[in-house]
1. Please name all residue pairs, on different chains or six or more residues apart, with Cβ atoms under 6 Å, provided the first residue is in the range 278-289 and is free of Cβ contacts under 8 Å to residues at least 40 places away in the same chain and the second residue is crowded, with 16+ Cβ neighbours inside 10 Å.
2. How about the range 88-126: which of its residues are assigned to a loop (DSSP other than H, G, I, E, B) and either exposed (fewer than 13 other Cβ atoms within 10 Å of the Cβ) or without any contact (Cβ under 8 Å) to a residue 40 or more places away in the chain (or both)?
3. Step by step: first the residues of the range 164-210, then only those that are in contact (Cβ under 8 Å) with a residue 40 or more places away in the chain, farther than 17 Å from residue 52 by Cα and in contact with a helix residue (DSSP H, G or I) (Cβ under 6 Å, 6 or more places away or on another chain), then the one that is surrounded by the most Cβ atoms within 10 Å (Cβ to Cβ). Which residue is that?
4. Looking only at the range 127-167, count how many residues are in a loop (DSSP other than H, G, I, E, B) and over 31 Å from the mean Cα position of the chain (by Cα).
5. Whether any residue in the range 46-55 is loosely packed, with under 15 Cβ neighbours inside 10 Å and either assigned to a strand (DSSP E or B) or in contact with a strand residue (DSSP E or B) (Cβ under 9 Å, 6 or more places away or on another chain) (or both) is what I want to check.
6. Working carefully through the options 309, 283, 287, find the one that is surrounded by fewer than 14 Cβ atoms within 10 Å (Cβ to Cβ) and at pLDDT 90 or above.
7. In this structure, is residue 34 under 21 Å from residue 215 (Cβ atoms) and either in a loop (DSSP other than H, G, I, E, B) or without any contact (Cβ under 8 Å) to a residue 60 or more places away in the chain (or both)?
8. Limited to the range 58-70, what total is found for residues that are crowded, with 20+ Cβ neighbours inside 10 Å and over 11 Å from residue 2 (Cβ atoms)?
């Protein structure tokens with residue numbers, strides 16, 4: 001459906017000389033299948049919005065190629081660049097960009113009344129607008145002015161305006177970021193339901209990991225203009241390819257160590273707090289410095305106080321605890337490091353209590369130490 005190949009886009013730095021350019025997008029390649037919900041995830045300045053704007057035609061890439069449904073929208077080598085208003089793509093901006101002087105109906109009808117669509121028959125305009133409004137459940141507010149809508153209703157209005165042109169591809173640039181937490185969560189379900197029921201191929205941009213993991217079929221985690229890891233949400237969360245992804249997506253414990261040997265059960269990593277067996281590695285081998293990554297929810301707190309030894313068992317002391325509603329979160333001080341773990345809310349541990357922690361090898365991964373990786377470039 002969508003193919004982005006070797007896309008590059010650089011901008012001139014305002015304070016730099018005329019020869020200095022910063023690559024906002026640096027050799028980005030990915031494919032979005034028809035009907036897929038694809039998310040570009042990353043921190044501010046990573047290039048995700050610039051990538052989306054290049055697809056939409058709002059930015060002209062320096063190199064690369066963009067193809068939608070076998071139709072070339074941009075190709076540097078073939079000197080093709082289709083104007084944004086001729087790409088038949090729907091886009092919802094972070095600010096919604098709705099017209100305050102128009103009512104709901106006219107806002108949605110606007111794309112059908114301008115440009116090449118201005119000759120759309122009036123009856124067809126009415127039919128398509130009503131259908132789009134019913135999809136987002138705003139049909140009963142067609143006569144209301146946009147300024148009289150709530151934040152969630154404005155978001156759905158912007159979505160209806162993007163859908164009314166029946167786009168080949170829907171582009172969403174952090175459309176939920178201006179909403180409060182509870183409304184944002186409810187609209188995640190609504191947006192995903194709408195996308196699935198309508199079968200709309202969607203590219204979604206966000207810095208919110210919860211949105212990316214809960215809504216997407218595929219996620220591309222971006223850093224410094226490049227894709228750091230591409231995969232389904234389960235692999236992104238459970239099998240991070242590098243420390244950046246492990247740290248950015250969710251909460252992760254990092255334990256410094258050195259890979260000593262490979263055994264039938266995995267790889268043995270020597271750490272200052274004792275040897276750990278990990279089931280998986282990425283980018284490291286025997287003799288390499290590494291970090292062992294394990295999520296807080298995978299750290300098992302052993303209830304038997306006598307369990308002070310064994311494979312992948314570390315001992316420490318509870319330093320702080322936080323009640324977060326459905327769970328208790330603890331910071332446990334080990335002799336040479338600190339781990340975060342999570343237990344059900346009913347399983348309360350007192351601060352200062354000695355504990356034994358089991359790190360299941362199946363949930364432990366050895367990745368390159370960030371310092372070692374930076375030094376190898």
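The values are calculated or read from the model by the stated rules, or taken from the named source; none is laboratory data. Because the structure is a prediction, the values reported are computed rather than measured. We place every Cβ from the backbone using ideal geometry, glycine too, and count neighbours over all the protein chains shown.
1. So the pair list comes out as 286/259.
2. 97, 100, 101, 114, 118, 119, 120, 121
3. This residue is 164.
4. Summing the residues that are in a loop (DSSP other than H, G, I, E, B) and over 31 Å from the mean Cα position of the chain (by Cα) in the range 127-167 gives 3.
5. No, the range 46-55 has no match at all.
6. So the residue among 309, 283, 287 that is surrounded by fewer than 14 Cβ atoms within 10 Å (Cβ to Cβ) and at pLDDT 90 or above is 287.
7. Yes; evaluated as a whole, the condition is true for this residue.
8. 2
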